[in-house]
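Structure first, then comments.
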Amino acid sequence: MLKQNTILLILSVFLFSCATNKMVDSDMKDKQLVNDKENPIFYTYFPGLPIGVAVNTWEYFDESNKYNKLMKQFNGFVYENSMKMDAMQPTEGNFEFGNAKKLIKYAKDNNSVVRGHTLLWHNQYPNWFFKDIDGKDVSKDVLLKRIERHIKTIVTELKGEVKYWDVVNEVLEENGTLRNSKYLEIVGSEEYIAKAFQWAHESDPSAKLFINDYSICFSGAKQDGMYNLVKKLLAKGVPIHGVGLQSHINMSHPNVEDMRKTIKRFASLGLEVQVTELDISVYRSSSEKKMDITTDILLEQAERYRSLFEMFKEEAQNGNLTMVTLWGLSDDKTWLNDFPVKGRG
Ligand code: G3I
């Protein structure tokens, strides 16, 4: 498990123009690197480009804890899990807004924006969503009604408070075709995607609506599939405003220039582009064995973050990128510690 903190590394690279072993020394204290001033450090380094982070409820309950201190450095927030379908509507018709409203308040108090993740997904949905009382799949009509109610209730209740919504998440297969999910199986086409965007837009015309996916931040069939799907939906008048590049990447892939090309490609459709779930695994593949995470590896990782963020800054200045979000506050708690290999870190 990684002991060091990615956020601190990124901050340190930007705070001190050259990386030294001292920065990742195990004696490093949070307070040496974390600025306690009211304005997030990222306002200074990335003017006009919100830098967000995915958080969990426990990370901001205690004002004195280290996570809360780290949170102060960001100016955008998204829940890692607490606004997913199973959290928002655990049983049919019973919606939970408590956690969402807490994050919205925190963001407001800290002059930050909120991303809503996510209205529709094939994971972390409540068990009842696709089933009738006999446990059989619901009809297309019933599913569309459930989707409509889920989206309209949530987006209306949080109207004006969530600047960006991931309306649909991960709707594509690796080859760029529509994902073979329950949504597709029951609805039969991309109609459910188009309707999801329409219902979200009707509920909050001021919210920016995103289609979000992984493995589209680099060239390939999946990126082409996303490009073609979005183009097609836009031509039909579907209110899609942005493409979210999740960007769960590793030390060697993809290269920075390929990601730049991707950002420009989606921006050329007249859409906002955001990096929505950035993290960089210290491994290069799922077959790599667990290794000791040395200072050299951490410095290499920090350098990769630095070069990416230089590019992000340039593309933000070019008007092609509107937000970057890191997927998690600290490496000791990241989902990557158990994915793709449990316990590898
Ligand atoms: O809440 C339960 C808890 O009650 C239970 O005791 C515990 C036992 O394992 O599990 C808890 O649920 C876990 C949940 O995170 C909340 O911590 C799930 O097991 C775990 O699978 C779930 O993982 C999340 C994953 O999405 C689910 O697919 C990760 O935290 C979250 O980082 C990850 O986020 C996704 C994005 O939403 C979409 N893009 C990919 C990204 C990474 O997979």
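The values are calculated or read from the model by the stated rules, or taken from the named source; none is laboratory data. Quick caveat: nothing in here was measured; it's all calculated off a predicted structure. Every residue, glycine as well, gets a Cβ built from its backbone with ideal geometry; the counts of neighbours run over all protein chains shown.
Taken together, the residues in the stretch 257-296 that are at pLDDT below 95, among the hydrophobic types (A, V, I, L, M, F, W, C) and under 25 Å from the mean Cα position of the chain (by Cα) amount to 1. Of Gly343, Gly328, all but one fail to be touching a helix residue (DSSP H, G or I) at 6+ places or on another chain (Cβ under 8 Å), closer than 22 Å to Tyr79 by Cα and of a type in the set (Gly, Ala, Ser); the exception is Gly328.
Would you confirm, using the coordinates I've provided, whether Leu299 is modelled with pLDDT under 95 and surrounded by 14 or more Cβ atoms within 10 Å (Cβ to Cβ)? Against the criterion (modelled with pLDDT under 95 and surrounded by 14 or more Cβ atoms within 10 Å (Cβ to Cβ)), Leu299 does not qualify.
Would you check if Ser287 is hydroxyl-bearing (Ser, Thr, Tyr), within 26 Å of Tyr45 (Cα to Cα) and away from the ligand (no atom under 16 Å from the Cβ)?
When the stated conditions are applied, Ser287 does not pass them.
Close Cβ contacts (under 7 Å, 6 or more residues apart or on different chains) running from residues in the stretch 84-109 that are under 20 Å from Phe74 (Cβ atoms) to residues that are of a type in the set (Val, Ile, Thr) comprise Asn99/Thr57; Leu103/Val114; Ile104/Val114; Ala107/Val113; Ala107/Val114. Yes or no: Ser215 small (Gly, Ala, Ser), over 17 Å from Leu178 (Cα atoms) and in contact (Cβ under 8 Å) with a residue 40 or more places away in the chain? Considered against the rule, which asks whether it is small (Gly, Ala, Ser), over 17 Å from Leu178 (Cα atoms) and in contact (Cβ under 8 Å) with a residue 40 or more places away in the chain, Ser215 comes out as no.
Contact annotation: residue pairs with Cβ atoms under 7 Å, 6 or more positions apart or on different chains, pairing a residue in the stretch 130-153 that is touching a residue at least 24 places away in the same chain (Cβ under 8 Å) and closer than 23 Å to His117 by Cα with a partner that is small (Gly, Ala, Ser) and surrounded by 12 or more Cβ atoms within 10 Å (Cβ to Cβ), are Ile147/Ala196; Ile151/Ala196; Ile151/Ala200; Ile151/Ser203; Lys152/Ser203. Inside the stretch 306-345, residues that are within 17 Å of the chain's Cα centre (by Cα), within 15 Å of the ligand (Cβ to nearest atom) and assigned to a helix (DSSP H, G or I) make up a count of 2. Being loosely packed, with under 15 Cβ neighbours inside 10 Å and away from the ligand (no atom under 16 Å from the Cβ) is a condition met by at least one residue of the stretch 96-104. So Ile216 ticks every box in (1) buried (at least 18 other Cβ atoms within 10 Å of the Cβ); (2) away from the ligand (no atom under 16 Å from the Cβ) but one. Which box is left unticked? With (1) buried (at least 18 other Cβ atoms within 10 Å of the Cβ); (2) away from the ligand (no atom under 16 Å from the Cβ) applied to Ile216, the lone miss is (2). Among the residues of the stretch 195-213, the one identified as among the aromatic types (Phe, Trp, Tyr) and either surrounded by fewer than 17 Cβ atoms within 10 Å (Cβ to Cβ) or within 13 Å of the ligand (Cβ to nearest atom) (or both) is Phe210.
Remark: pairs (first residue in the stretch 159-172, within 11 Å of Thr276 (Cβ to Cβ) and within 12 Å of the ligand (Cβ to nearest atom); second residue hydrophobic (A, V, I, L, M, F, W, C) and part of a loop (DSSP other than H, G, I, E, B); Cβ separation under 8 Å; 6+ apart in sequence or on different chains) = Asn169/Trp121. Here the stretch 106-132 is the region considered, the condition is being surrounded by fewer than 12 Cβ atoms within 10 Å (Cβ to Cβ) and modelled with pLDDT of 95 or more, and the residue that is farthest from Tyr60 (Cα to Cα) is Asp132.
For the stretch 230-256, the set of residues classified as more than 16 Å from the ligand (Cβ to nearest atom), over 20 Å from Tyr164 (Cβ atoms) and under 20 Å from the mean Cα position of the chain (by Cα) consists of Met251, His253, Pro254, Asn255, Val256, listed by residue number.
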